[in-house]
Every structure is written in structure tokens, then in C-alpha cells.
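Here's the structure, in C-alpha cells; my notes come after.
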Amino acid sequence: MAAAGSGRGLAQLAEALGSSEQALRLILSILMGYPFALFQRYFLFQKETYLIHLYNALTGLSIAYFNFGMQFFHSLLCVLIQFLILRLMGRTITAVFTTFLFQMTYLMAGYYFTATEHYDIKWTMPHCVLTLKLIGLAIDYYDGGKDLEFLTPEQRRFAVRGVPTLLEVSGFSYFYGAFMVGPQFSMTDYQKLARGEMTDVQGQRPNSFVPALKRLSLGLFFLVTYTLSSQYISDEYLISDDYMEKPFWFRCGYILIWGKIILYKYVTCWLVTEGVCILVGLGYNGKDQNGKPMWDACANMKVWLYETTPLFTGTIASFNINTNAWVARYIFKRLKFLGNKLLSQALALFFLAIWHGLHSGYLVCFQMELLIVIVERQVINLVRDSPPLSTLASITALQPIFYVLQQANHWMFMGYSLVPFCLFTWDKWMKVFTSHKQTIHTTNLFSLLFFILSSALLADSQPCLSLYRCTGLFISLATCCSSPYYWCCLIFAS
């Protein structure tokens, strides 16, 4: 009866705040990380490691139950099976492939059986975070069995040398500061945290209270900004008749602002959870050249770069940093044997797309990311290699104008790419794309054609460079022409 009463109370509070009950539970869950972290700081610092593992496992499981009830068994089952894979298969490539196949299949099955046409907060949300964590653990455990000379410096840093216990794997998996929305962190960093080594003063608690409070404050600022803005800017309006009847310039301006605001819900969650990780010490990242401690090991956002960069690549570098680093470390770099950077990048983005979900919109979004990054790099190269354009770009008086134009173009492209990511299904995002007359696709198509022609004209003076660029651009052109229809036909069932 008490639980039912609590549920009704949360539902009423959520309604009063203009939110869903599940969204309110999510916010409360990530905020609960702060009292959990304070308890660990003051009562468990440098205690026996099994106590810390047990504490993290129990608090994480309680958060899972608070949000999803008995559906927490999905994560528990995958953690137990992962432990058995490590113990029974050992440090073998078979264990890595088995882990990848099982964890991704379980996640995909979860997406399939719980799919709706809207974004829902359900057990698959933290499970996708857990999936990456367990796959990374299997790969690091495999690397831990190799000789050091066969590992890169990065692989040496993350390689798991010992044999994790079930309690250790559980504490790592359910750590309260990252269970719901991330960030990603390695088993080796978690083991250092449990041993009391993630601190700027050896043998003492980390001096991380102020840095943690700063990230919490920043996260709450973005939460307020998103909450106030969402009253006027929403996904639903994009497919409304009123939006379709607006002038083209209005639709472009709206999608630019919408793309900026819609990401603030992710920014909020990541900043708040980063503060939890900093407070407990997991965010410690050594000291800089001046001896000042750095607390960005669990940073998922570079807020200043995110807000000020005029480049699409700048946004990618500042947004969801830990997940991008995970994909680079465990997917992109492991595909080096293919001998083709563009192909490795495309496959890494394909993995990211299906990891997010089975809707066609995810595939189109990440395909657009690849396309726009290619075009942006070609524009930068063109300006750099053209003396007239370089001279024009270096004129101080014109730089503010260029910056404003770049920002408008940047967020217009970003908003356009986020439409399928947020609307999920073919009928919805294609309706918006059609209303914009496929503007971004057309722009990129003609841009690529222009770059191919300009590279061909440079053939006499720079033949090797021209051949290299033409080859890459023809590949990009094929990508552009297939967007978004290729991906849609591929998974038309969604």
C-alpha cells in the first residue's frame, strides 16, 4: 500500500510539474547519486573493497527497481551471464565474440519487444549503457591476458589483469552514478576507486566537492532552460499541420532552435551524473602540467565548446564524449585491419545507430552525421588551400559575420539531422524532410559535386592530392545519393 501511495504521489507531482512520472523518477534517480556519493566518501573511503562493491550493487539495484520494478531482472541476468562468460571462457577471443553477440542480441530483443513510436523511459534505456560497459569489460579482460608489447598504450591502461569477482562485476555494473544514463568508465578505474586511489591527495578523500557542485549547478541550469523552452518547442510541433503551413524561412529557423534546445535534456542528465562521479572520486583524471587536479575523467560534455563551436565536428567532440570515446576505443580502432578509415568510421557509426535502437531514424541520423562531417572537412580544406579564401577568412572585421553565418548553418544542419533521431519512424521524419524540400541533402550533393570538380581542376598542380580527394569525394557522393532512401529501404519495416 505504501508503494502504491508513493507511486500515486509521484504521478501527481509529475503532473503538477508538467512532466511524465518516468521522467521524474529518472531525475530523482540521478539526483539520489549525491547522497549516495556522500555516504561512500565519508563512511566507505579506503574500507574493504567488498563493502564498496556491495554498496554500489545494492544502490544501483534499488535505483533500477525504483524506476522499472521487477524488470530490473533484465540487467541482473546480463550481469550474471557476463560473469559466467568471463570465468568459463577466460581471456579468449571467443569470450569477446560471445559477449558482443549475447549482449547486443539481448538489447536488440529488448528494443523490438518494447518499441513504440515515441521515446519512452523504460528498462532498455539504462540497459544500453550497461551493454557497452559489459562489452568493454570483456575486451579489456581479453587484453589483460596479452603481453604488454602487443598492446597499445591505451590498451595497457584499460587492460584488466586480475580476475574480477561476481561482487566486483556487480558493483562495476550497477554503480549508482552511471547506471541510468552513463557515463562510461573502465573496470580499471572502478577498481582504483574501490581501493581509494582516485584522489588528488594520496590517502585522503578527494577534494572534489566544489568541482562536483559546479557540474550539478550547470546541470540544473540546463534543466530549467529545457523545461521552460519545451513549453514552446516540441517534437510534436514538427509534424503538425500548423508547422507545415508556416513559411519556409520560419520552418528553417524553428528547426535550428529546436535542434539546439532538444539536446539540453541529455546535457542535463550528463552534467548531473558527472557531478556524482566527481564527488565520489571517479572523475579524477590526474593533474595537469601545473599540478592542478583534473576532474574530467567522466565528463560527457564540454559545455563551452558545445555552446560556442561553429563546426559540426566541434559539436561531436563536445557531446556524449565518453560514449564516443568508447566507440573509438572498442569499435573504430579495432577495425584498423580493414585498412580504410572511412569504412571503419562508417561501421562505427552504424554500430552507434543500432545501439540506440531499431527505428529507421537512428540510421538516417548517423548516416547524416558521416555525410555532413565529410562535407565540412572538404570546406575547411578548400578554404585552407585557396589563397583568396584564406585571405578573406583572415579579415578581422568580417570574422564576426562569418561566425554568425557558420553558427546558423551549423545548427540548421544539426537540427535537420536530429529530426529522424527524435521522430524515429519513416512517416514522421520523412514528412519533415519533405517540407524542407530535402534542403540539406541537396546542399551536400551540390557541395560534393563542386569539390570533385575543383579537385579535378587541381590535378595538374597537385596530382596526388587531387586523386586522393577525388576518390574520397566520390565515396561521399555515393553516400549522399543514397541518403536517406537507402537506409529506409534497408529497414522499411520500422
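Any read-out appearing in this document is the output of simple, stated calculations on the displayed coordinates, not a laboratory observation. Quantities reported herein were computed from a predicted structural model and do not represent experimental measurements. Neighbour counts run over all protein chains shown; Cβ positions are idealised from the backbone, glycine included.
In the range 285-369, Cα pairs under 8 Å separated by at least six residues give a relative contact order of 16 percent.
Highest first, please rank the peptides 126-135, 314-323 by the mean number of other Cβ atoms sitting within 10 Å of their residues. If you can, show how the numbers build up before the last one.
On the way: 126-135: 22.6, 314-323: 18.9.
Ranking, from highest mean packing down: 126-135, 314-323.
Against the main long axis of the alpha-carbon atoms of the chain, helix 248-262 sits at an angle near 20°. Each of residue 289 and residue 213 was given a label point 7 Å from its Cα along the Cα-to-Cβ line. The distance between the two points is 3.1 nm.
Let me make sure I get this right: for the range 149-207, a, b and c are the square roots of the gyration tensor eigenvalues over alpha carbons, sorted descending. Under 1.5 in a/c it's rounded, otherwise prolate if a/b > b/c, else oblate. Which is it?
oblate
Across the range 247-313, the mean sequence separation of Cα contacts (distance under 8 Å, 6 or more residues apart), normalised by length, yields a relative contact order of 24 percent.
Taking the inverse of the mean reciprocal distance over all distinct Cα pairs, the Kirkwood hydrodynamic radius of the chain comes to 24.5 Å. Can you list the lysines whose alpha carbon is less than 21 Å from that of residue 265, not counting same-chain residues fewer than 8 positions off? Excluding near neighbours in sequence, the set is 122, 214, 302. A straight Cα-to-Cα reach below 18 Å connects residue 333 with the lysines 133, 146, 341, residues fewer than 8 places away in its own chain not being considered. Please report the base-10 log of the normalised intensity I(q)/I(0) for the range 192-349, using a Debye sum with one equal scatterer per alpha carbon and no solvent, at each q in 0.10, 0.18 (1/Å). For the range 192-349, the Cα-only Debye profile gives -0.53, -1.13. FRET efficiency for the pair residue 20 and residue 239, taken as 1/(1 + (r/R0)^6) with r the Cβ-Cβ distance and R0 = 22 Å, rounds to 0.65. The listed peptides 383-391, 21-29, ordered by packing as a protection proxy, come out as 21-29, 383-391 (highest mean of other Cβ atoms within 10 Å first).
Explain nothing, just the number: relative contact order of the chain, from Cα pairs under 8 Å at least 6 residues apart, as a whole percent.
Working: 586 pairs, mean separation 72.6, N = 494.
After rounding, I find 15 percent.
Which angle from 0 to 90°, rounded to the nearest 10, does the C-alpha axis of helix 124-143 make with the longest principal axis of the chain? Once rounded, the angle reads 80 degrees. In this rough spin-label picture, where each label sits 7 Å from Cα along the Cβ direction, the residue 100-residue 80 distance is 2.7 nm. Considering helices alone, the calculated mean residue ellipticity of the chain at 222 nm is -22500 deg cm²/dmol, with DSSP H runs of length four and up weighted by -39500 (n - 2.57) and normalised per residue.
Give the peptides 228-239, 397-408, 96-107 in descending order of average Cβ contacts within 10 Å, highest first. Provide the component values of the computation, followed by the final result.
Values: 228-239: 14.3, 397-408: 11.8, 96-107: 17.6.
With the highest mean Cβ count within 10 Å placed first, the list reads 96-107, 228-239, 397-408.
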